[in-house]
Amino acid sequence: MRLGPQPGEEIDREQAFTFRWNGAAVPAYAGDTIASALAASGRRVFSRSYKYHRPRGLLTASYHDPGCFFQVGDEPNVRGAHRLAEPDMDVRSQNTWPSLGFDAKAVNQLAGRFLGPGFYYKTFIRPQRLWPLYERVLQRFVHAGQVSADTPRIAVDKRYAHPDVLVAGGGPAGMAAAVAAARAGTRVMLVEEEHRLGGHLRWGAAADLAALAELRALVAATPGIEVHTNAVVAGRYDGNWTAVVLRGLPGGTEQLIKARAKVLVVAPGLIERPYVFGGNDVPGVMLATAVRRLIRLHAVKPGQRAVVLTANAGGDAAIADLREAGVEVARVLDARAGEDIVRVHGHGAGQHRGVRGVQAADGATIECDLLVTATGWTAPAALLSMAGDQPAYDPRAARFFPRQLPENVLATGGIAGDGSHEELIAHAEAVGREAARRAARLRREWQAAVPTRAPANGNGHARLPADDGEPEAIPELPVDAHPELFRASTHGIVDFCEDVSSKDIISAVKEGYDSIELAKRYTTATMGPTQGKIELVNAIAAAAEATGRSIAETGTTTWRPPYAPVTLGALAGRPLEPVRYSSMQPWHEAHGARPLIAGAWIRPDHYGDPAAEVRNVRSRVGIIDVTPIGKLDLRGPDVPRLLNLVYVNKWSKLGIGRVRYGVMCTEDGVVFDDGVTGRLGPEHYLMSTTSSGAATVWEWLENVLQTMHQDWAVHITPVTTAYASMNVAGPASRDLLLRVTEGVDLANEAFGYMEVRTGRIAGVDGCVLWRIGFTGELSYELHVPAGYGLHVWETLMDRGADLGIEPFGVEAQRILRLEKGHLIVGQDTDGLTRGFSAGLDWAIKLDKDDFLGKPELAWQHEQNGTSGARLVGLQPDDGSLVPPEASQIVDGPRIAGRVTSSRMSPTLGRSICLAQVEAALAAPGTQVIVRLPGGRLIGARVTDHLAHVDPEGSRMRV
Amino acid sequence: MSEYPGVARSPIAPAPPVRVEAGWEVSGSRSDAPLTITDCTPLAKVHLRAPWNGAMAKALGVPFGRAGRDLEGPDGVWLVAGSGPGEWFVFAPPGTAGLAGGWLGTLAADSAPEEFVSVVDLTHGRALMRITGPDAAELLARLCGADLHDDMAPDGAALRSAVAGVATDIIRDDRAGVPSYLLHCERSSGQYLFGALVSAGESLGIGVDGFRLPGI
């Protein structure tokens, strides 16, 4: 029933609309939550409990209400006592079948004795072959909504923030602390979980509303406070890295703010705790704060005739509110005077279920339709626990308090103590000022550490103000006595979300799960959507009762982030997937290249027919975009010393214009990269690496220079993408380059194999030409200033048309290099392949003074090739069979090697491979057995050379 | 056979209309949005390494973490950024990289003959873009975790961070009192970074403003 206008109400009676609840129209006002509108329309049952499908109504009328999880449109698990109603909303109950009113799954109650705590550890285990059936059955009873696969995905950018002071909680203490901190000159972020600032003042009496208005005005008028309502601090991590989740964005999405706060002020208030007794989950049992919210904020009459069990001023205030709202208060049971209740009697079934009477401890039974309890407060200490605190229980106050907080975390408000409004505000203001003082000190320290701060007068960095001020004197807050009230003489529900009763927890303890952590996991108490906020202390009390220990001795469970549910969408944000393109990418796309994703690079895999591309390179001329090849510019007099250290071969005598192939090994002799390095000038070299190794090799070299040889004069500059790189390969490649190159004599006698020149190509200066090749043909690798890459490529394609130029992609290149027997590090080697196992005997110069990996390679060499694997060329006996890469090579029952590279060779018209085999099988001519996936065995022969085509290398030296 | 070198291209596809400026294909788009992004890749970009506290560092006059326009080059305005300890980037008008590199080499020879100094032209190796507007820092806060408040990164700050997952140099270079940031990354990620900034800036009303000489 809707009441008349209430002072401080948050509904707008000028904006009336309807929404649908399980198909029926429900009236609402702007500012109503879904649950308050339903309650105003006379509905009492909003959901069914998790396990037993018992009818549930409003309990807390807040975000944490366990009876109000709804499906709203295609959004499941909406907190109906927090989500604001909107016109034409489609709201449905969850996990009820066929309806909320008649839920067939309530049959679970009949099986209650078999569904006790931990039943899933004792059932649904055997026989194992029935697990798929068990899964389908359990899915039917899972208490969750539904997500449609067609729900449009809205990506919301995350945001980084750097507040000096982050205040978690926008009640009176939070607001006062924020204002004080901002007035002290710091940047403040104020985060409040509810839709409006104010906390408990919002549903208070006239004095509270006046204080609320004053504080809200102060917040609005104070510069430097960034306010977020309907938002939550979901987690606090090391260094006050906090996750702030903004809710209620368009489309029901959430946004994650990653805030690095210098100081965190925790002001979450207190959460009212339910009382445990028989029937405590019958619709019509509510907390005092729930009825006050309904009456004051939403003008909803929560019942007709009430009984109130009160133990504190909140309960007393609820009594006054009820009377003012026209609810008959039939009986007040004052727990401070020793009064108590035994159980609630319900009546009706399904959606008509509700309270019909209360049995008091003195034997009286009072007829009523509403029972209000005010039996204690729980401190939401999650953020403090995440900051490393282990709150201490005070039996005098019947709640936990912070014990020891780190320097960058402060607490204020109800979580810190009690007192009058003035005392709480004074405490909060002092905390705010102290937070600002500590934050300012940190800001100074960080400013002093960063080189980016503004200089004082151009001659150095600004002098910063000296440290300041004495710590703020924070007054002590009194702690009000409160009776310890957890359970009546009967058993009732402790965890409303998980349908766990006090009896369940006591049973668990008696079964041996006698710590709160064990009891929690065995019963799942506090593991539901409310995550312990309203049930933790009652669970601890039940465990304490069962063990005979005190609550302090029992302790708490560990609060872990997130404090509140966060959508995966908020955590994901906008997908950031860096992708890299070469300068010629537009040409590749326009000419039908099939893309290959190679790390972050998009490369052309082929242009339609890799075999034809191979044949064209062997017979005419092809061109491939090899821009991703790592390129490092090395300068300095000590470059040769660096090259000698990192490569296995010798570099001291490399002349200007000469190129050498090099292999790098790690300290354990394992091959980790290879490439060619050319000398462009007296102290200028250009190193190439594998595409995937570009960053790793750079790090590797810098590691040497920065940790082993800081005295060496070498500068390394990555130039991988400063050059667009292309390889022109094939018998006609020189003819083509003659048409476009200036300043370089391309004759074989002047520019031989493994040499490098600089010159002009297609009118572009500053190009580097390498006479090298991966394909086994006459070829030139061209490095062109990247901005001109597309121009040079197009010019070559144009000028080479009559020579038969065609592009070729990564696949054709792999075939060509396999025909030539060139290994690919990481393909033909693995994390255990040392240098002599990779066919690199010719390159490894053990007579060098030292190089990275030398001791291990020397040891390997001493084994005379009898240990470890060897890289060999392989040809299957049946040339039409192409063994899949990684096929095993077997010797009887043993695995003796594997195929590392395998393709059909267009040049030879048969399959060819490279393989790692045991040394005993590596001699040329050896017959080996290859085991194909599926088990079939085929024969193959070890070839004389790694190269299957032109092993002498004559084609590339013309 | 002297070939016209053709036009140079940025890794960032230019928004139409497309024209050629100083030998570079650029966007002719104009925007008066409160927040704009401009592809400044055509600018000359020269990378210099020298001892972080030596004579060359002093001659450059810009310490690590700061950027300035006090170095008088042969043809006017250069922006010098102290990108890392012993590492600087020099930004100059398009087509002047050779001139800048030569001049810096001479400066090194004159000011710091005993020091090991290297100069590498990275004009083609870096994608460079500028975002300008009161919400420029707000835009960056969506993609970058660095604290860009005035007290940590005021006008003239130079830092290296990750923007949209890409290693990016950031230089705060305000224009007539309006917050403005130059960002540069290795070339091949340029299109991706530019696109990420435009996407993240949509709700802030970002507009693409084409490159105009001198650009620095």
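The values are calculated or read from the model by the stated rules, or taken from the named source; none is laboratory data. Predicted model only: the values in this text are computed from it and were never measured. Using ideal geometry, Cβ is built from the backbone for each residue, glycine included, and neighbour counts are taken over all protein chains shown. Note: accessible area is taken over every heavy atom of the protein model, side chains too, but ligands, DNA and RNA are not part of it. Shrake-Rupley method; radii C 1.70, N 1.55, O 1.52, S 1.80 Å.
Which far-off residues, 5 or more places away or on another chain, put their amide H under 5 Å from the one on B:GLY28, with H placed in the peptide plane?
For B:GLY28, the qualifying residues are B:VAL18, B:ARG19.
Can you give me the long-range amide H partners of A:ALA361? Hydrogens built in the peptide plane at 1.01 Å from N, cutoff under 5 Å, separation of 5 or more residues or another chain.
A:ASP340, A:ILE341, A:VAL342
Report the normalised scattering of the stretch A:683-722 as log10 I(q)/I(0) at q = 0.22, 0.35 Å⁻¹, calculated by the Debye formula with identical scatterers on the alpha carbons.
So the normalised log intensities are -0.76, -1.25.
Could you pull out every residue, at least 5 positions away or on a different chain, whose amide H is within less than 5 Å of the one on A:LEU3? Hs are placed 1.01 Å off N in the peptide plane, and Pro or chain starts have none.
Those lying under 5 Å, H to H, from A:LEU3 are A:VAL300, A:LYS301.
Name the residue from A:ALA611, A:TYR393, B:PRO42 whose Cα lies farthest towards the positive end of the charge dipole of the protein assembly as shown, charges +1 on Cβ of Lys and Arg and -1 on Cβ of Asp and Glu.
A:ALA611
How much net charge surrounds A:ASP847 when only other residues with a Cβ under 13 Å from its Cβ are counted (Lys, Arg +1; Asp, Glu -1)?
So the environment of A:ASP847 carries a net charge of +2.
By how many degrees, 0 to 90 and rounded to 10, does the Cα axis of helix A:810-820 deviate from the longest principal axis of chain A?
40 degrees
With +1 on the Cβ of every Lys and Arg and -1 on the Cβ of every Asp and Glu, and nothing else charged, how large is the dipole of chain A about its Cα centre, in debye rounded to the nearest 20?
Values: 101 positive and 108 negative charges, 316 e Å.
Taking the Cα centre of chain A as origin, the dipole is about 1520 debye.
With Rg and the Kirkwood Rh both taken from Cα atoms, where does Rg over Rh land for the stretch A:711-793?
1.01
State whether the stretch B:1-155 is rounded, prolate or oblate according to the following rule on the C-alpha gyration tensor (a ≥ b ≥ c being the square roots of its eigenvalues): a/c under 1.5 gives rounded; otherwise a/b larger than b/c gives prolate, and the remaining case gives oblate. Walk me through the numbers on the way to the answer.
Working: a/c = 2.44, a/b = 1.17, b/c = 2.08.
Here the stretch B:1-155 falls in the oblate category.
At a Cα cut-off below 17 Å, give the aspartates and glutamates reachable from A:LYS158, other chains included and same-chain residues fewer than 8 away excluded.
Candidates past the 8-residue exclusion: A:GLU226, A:GLU254, A:GLU577, B:ASP135, B:GLU138, B:ASP147, B:GLU202.
Using the alpha carbon gyration tensor of the stretch A:365-447, what are the three equivalent-ellipsoid semi-axes (square root of 5 times each eigenvalue), largest first, in whole Å?
35, 16, 11
Whole-Hz Karplus ³J(HN,Hα) for the stretch A:202-215, in order, using 6.51 cos²θ - 1.76 cosθ + 1.60 and θ = phi - 60°, x for Gly and Pro?
These are the phi-based 3J(HN,Hα) values: 4, 10, x, 7, 4, 4, 5, 5, 5, 5, 4, 4, 5, 5 Hz.
Take the alpha carbon atoms of the stretch A:240-260, find their center, do the same for the stretch A:531-551, and report the distance between the two centers in whole angstrom.
32 Å
If you rank A:PHE119, B:PHE91, B:PHE116 by how much accessible surface each has, with a 1.4 Å probe, what is the order from largest down?
Numbers: A:PHE119 30, B:PHE91 0, B:PHE116 50 Å².
My answer, sorted largest first, is B:PHE116, A:PHE119, B:PHE91.
With unit charges on the beta carbon (Lys/Arg positive, Asp/Glu negative), name the residue among B:SER83, A:THR666, A:GLY879 whose Cα is farthest towards the positive pole of the charge dipole of the protein assembly as shown.
Checked the options; the winner is A:GLY879.
When only the heavy atoms of the protein chains count and the probe is 1.4 Å, how do A:ARG444, A:ARG196 rank by accessible area, highest first? Could the numbers behind the result be given before it?
Details: A:ARG444 45, A:ARG196 95 Å².
Largest accessible area first, the list is A:ARG196, A:ARG444.
Among A:SER62, A:HIS345, A:ALA210, whose Cα lies farthest out toward the positive end of the dipole of chain A, if unit charges sit on the beta carbon of Lys, Arg (+1) and Asp, Glu (-1)?
Positive-most Cα among the choices belongs to A:HIS345.
Within 10 Å of each Cβ of B:113-126, how many other protein chain Cβ atoms are there on average?
Mean shielding by partner chains, rounded to a whole number: 6.
In whole Hz, with x marking every Gly and Pro, tabulate ³J(HN,Hα) for the stretch A:169-182 from phi via Karplus 6.51 cos²θ - 1.76 cosθ + 1.60, θ = phi - 60°.
Using θ = phi - 60°, the values come out as x, x, x, x, 5, x, 5, 5, 5, 4, 5, 4, 5, 5 Hz.
Mind putting a number on the dipole of the stretch A:542-700 about its Cα centre? Charges go on the C-beta only, +1 for Lys and Arg and -1 for Asp and Glu, and I need it in Debye to the nearest 20.
With only Lys, Arg, Asp and Glu charged at Cβ, the dipole is about 660 debye.
For the stretch B:1-50, what class follows from the C-alpha gyration tensor (a ≥ b ≥ c being the square roots of its eigenvalues): rounded when a/c is under 1.5, otherwise prolate if a/b is larger than b/c, else oblate? If you can, show how the numbers build up before the last one.
Values: a/c = 3.25, a/b = 1.23, b/c = 2.64.
Note, shape of the stretch B:1-50 comes out oblate.
Each residue of the stretch B:129-134 in order: what ³J(HN,Hα) in whole Hz does its phi give by Karplus 6.51 cos²θ - 1.76 cosθ + 1.60, θ = phi - 60°, with x for Gly and Pro?
9, 10, 10, 9, x, x
Kirkwood hydrodynamic radius, the protein assembly as shown, all distinct C-alpha pairs: what's the number in Å?
35.1 Å
Is there a simple number for the mean count of other chain Cβ atoms within 10 Å of the Cβ of residues in B:187-199, and what is it?
For peptide B:187-199, the averaged partner shielding equals 5.
Which entries in the list A:LYS503/A:LYS533; A:LYS51/A:LYS533; A:LYS631/B:LYS45; A:LYS631/B:LYS58; A:LYS122/A:LYS520 go over 23 Å, if you measure between the two C-alpha atoms of each?
A:LYS631/B:LYS58
With every protein chain present, what accessible area does A:THR33 have (1.4 Å probe, heavy atoms only), rounded to the nearest 10 Å²?
About 10 Å², ignoring ligands and nucleic acids.
Can you give me the relative contact order of chain A as a percent, contacts being Cα pairs under 8 Å and 6 or more apart?
Averaging sequence separation for qualifying contacts and normalising by length gives 9 percent for chain A.
Rounding to the nearest 10 and keeping the result within 0 to 90°, find how far the Cα-based axis of helix A:789-799 lies from the longest principal axis of chain A.
Once rounded, the angle reads 40 degrees.
Express the relative contact order of the stretch A:1-50 as a whole percentage, based on alpha carbon pairs under 8 Å and six or more residues apart in sequence.
It rounds to 33 percent for the stretch A:1-50.
Please say if the stretch A:525-576 is rounded, prolate or oblate, where rounded means a/c under 1.5 for a ≥ b ≥ c the square roots of the C-alpha gyration tensor eigenvalues, and otherwise the choice is prolate for a/b larger than b/c and oblate otherwise?
Numbers: a/c = 5.48, a/b = 3.50, b/c = 1.57.
Prolate, since a/c reaches 1.5 and a/b exceeds b/c.
Rounded to the nearest 20 debye, what is the charge dipole size of the stretch A:609-750 about its Cα centre when +1 sits on each Lys and Arg Cβ and -1 on each Asp and Glu Cβ?
500 debye
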